[in-house]
Amino acid sequence: MTAASPSIHPVDQRLPAGKLTALGLQHVLVMYAGAVAVPLIVGRALKLTPQEVALLISADLFCCGIATLIQALGATQWFGIKLPVMMGVTFASVAPMVAIANANPGQAGAQLLFGAIIGAGIISILIAPMVSRMLRFFPPVVTGTIIAVIGISLMRVGINWIFGNPVGPTAPALVDPVYAKWLADVTSPGSAVPPLPKGLSIVPSVPNPRYADLGGLAIAALVLVSILLIVKYARGFIANISVLLGIVIGAVVATIFGFMTFEKVGSAAWFDIVLPFHFGMPKFDPVLILTMSLIMVVVMIESTGMFLALGEMTDRKISQQDLARGLRTDGLGTLIGGIFNTFPYTSFSQNVGLVAVTGIKSRYVCVAGGVILVVLGLLPKMAALVESLPTVVLGGAGLVMFGMVAATGIRILSGVDFKTNRHNAMIVAVSIGVGMIPLLAPNFKQWMPHAIHSLVESGILLASVCAVLLNLFLNGAKHDEAAIVAAAKQAEAH
C-alpha cells in the first residue's frame, strides 16, 4: 500500500526510499553530537587509548542504530513501541559511569562498568511494566529538578574540555622542576637523608602552560559563537544541527592552526565489525548494578513522558502495554550496549522535537535513521575522526549541549505551581543542594562504608532519590498524566 492510502495511520506510512533516507539522515545529524559525546567522556575517564575511545564511538553508533530499529520497527510482542523514536546514550548515566571509571581506570574499570550496564539492562527489562505504573512518583517538579541537576553536573565536563582537567597533563599547576631536582638530589643513593615516606610528594605550584591556553580558548569561543549565530540566523533543519555545524567549524579552524591532526584517521580501517566483550568478560558488582539500575528507573520515567507526548503528537493512543514495550526496549538497548562495549540507551527527545517541527510522523523515517547509524558504526575512520577532535572544540559545543540539558530542566520547572504550593520550591531547593554535594565536596564520603561509595558519589542519583522522597513526603503521590505529557513536550532539547 502507498503512503497516500487513507487506511494507513500516519505513523505506519512508508515513504519513498529517497525521502526516507534524507529524513532519516536529518534525524541522525540532529542527535549525532549528543550521541558521540558520552563515549568521549567515559573513554577518556577510563584512560583508554585513542584507538579504544574510537572503538567506543563506533560501538555506540552501532548500538544506537540497533536499539532504534528495535524501538521503531518492533521485535516480538515484548519490544518496541513502534513510534518515530531515535535511541541514544542517556546523559543521566554519565556521572555514575565517570565515577566508576575514575575509581577503576583501564581494562578492569571497563569490565566493571560494562558488567554494571548489562546488569542494569536485565533489571530494566524485568521491571519495565512496573515502571510504567510509577508515573505518580515522578511529577514535573521531580523530573525537572533531576534534569536540571544532570545538566549542571555535566557542565564540569564541558568546562574541563575547554581549560584542561584538574589533574594530569593539563592540570592548572605543575611541580616546580627546581623542587623536584632538589628532592632527587637529597634522596639519591648514598645520601645521608633517609628514604622518602611512602606517598610523600611535592605539591604542584608552577602554572602549567598547557592549562587554559589562549589559542584553545579562542577556538572554544569560536565554536560557541558559531552555534549562537546559526541558532540566531538559520532556520529549520540548519538551526536544528547548530551544535554539529559549530563542531565542524571548530574542527576546520583547529586543523588550520595545527591543533588537530589526522594520523589516527589515516591509520584506522575503512570497515570493521563491532565485536562483543572487547575489554574481556564483564565483572558484576552488585552495588554498581544497583546504582545503574536506579539511574535507569529515572531514564525510563523520562522516556515514559516522551512516549506519551509522542503519542499525542502523532495521534496514536499509547496503552499501558505500549509503554511497557517501549521501556523494555530501553532495557534491551542497555543490555545490548553493555555486551557491545557501550552505554545505557533512551529515546532522544531532540528527535521527538524534530517530529513536531517537521510534521513527519512515519516511524520508518527513524528506521532509516537506525540503518544509517548501524552503517556509521561499521566505519572506524568516522569514529577516529571524532576521537581526533581537540577537547577545546568539544568544550565549546559541550557548554551548549550540557547547558541545554539544564535549561530543559528549568523549562519543565517553569510549568510547576510554585505560587499556591510552597512545598514545590522546597523540593527543588533541597534536591539541587543535595545533588551539588559530590560536585563541590567530592571527598564527603571518606568515612562512609566503601561499599556505598558508588551509590553516593553521583549527584544525579542523590538528587533523584531526594526529589522523589521529598515529593512523597510533602505532596503525596498524585497521578497527573496531563502534567507529565506537558513536561515531556517542554523537554524537546534534552
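Tally time: how many residues in the range 59-77 are in a helix (DSSP H, G or I) and either open to solvent by less than 10 Å² (accessible area, probe 1.4 Å) or modelled with pLDDT under 85 (or both)? Residues that pass the stated criteria total 10.
Within the range 416-443, the residues that satisfy the criterion of being in a loop (DSSP other than H, G, I, E, B) and within 25 Å of the chain's Cα centre (by Cα) are ALA441, PRO442, ASN443. Restricted to the range 301-331, and to residues there that are modelled with pLDDT of 85 or more and either of a type in the set (A, V, I, L, M) or not in a helix (DSSP H, G or I) (or both), the residue that is surrounded by the most Cβ atoms within 10 Å (Cβ to Cβ) is LEU327. Against the test of being touching a helix residue (DSSP H, G or I) at 6+ places or on another chain (Cβ under 8 Å), of a type in the set (A, V, I, L, M), under 16 Å from LEU394 (Cα atoms) and surrounded by 12 or more Cβ atoms within 10 Å (Cβ to Cβ), the options ALA254, ALA234 yield a single qualifying residue, ALA254.
For every residue, the table says whether it meets (1) modelled with pLDDT under 80; (2) β-branched (Val, Ile, Thr); (3) over 39 Å from the mean Cα position of the chain (by Cα); (4) open to solvent by 50 Å² or more (accessible area, probe 1.4 Å).
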position: ILE162; (1), (2), (3), (4): no, yes, no, no
position: THR170; (1), (2), (3), (4): yes, yes, no, no
position: PRO177; (1), (2), (3), (4): no, no, yes, yes
position: ALA184; (1), (2), (3), (4): no, no, yes, yes
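Scan the range 205-217 for residues that are modelled with pLDDT of 85 or more and surrounded by 14 or more Cβ atoms within 10 Å (Cβ to Cβ) and the total you get is 3. Within the range 200-234, being basic (Lys, Arg) and touching a residue at least 12 places away in the same chain (Cβ under 8 Å) holds for one residue alone: ARG210. Exactly one residue out of GLY415, GLY459, GLY433, GLY476 is at pLDDT 80 or above, crowded, with 17+ Cβ neighbours inside 10 Å and not aromatic (Phe, Trp, Tyr), and it is GLY459.
The values are calculated or read from the model by the stated rules, or taken from the named source; none is laboratory data. Computed from a predicted structure; not experimentally measured. Please note: Cβ atoms are built from the backbone with ideal geometry, for glycine as well, and neighbour counts cover all protein chains shown. In case anyone asks, the SASA skips ligands and DNA or RNA and just uses the protein heavy atoms, side chains included. Shrake-Rupley method; radii C 1.70, N 1.55, O 1.52, S 1.80 Å.
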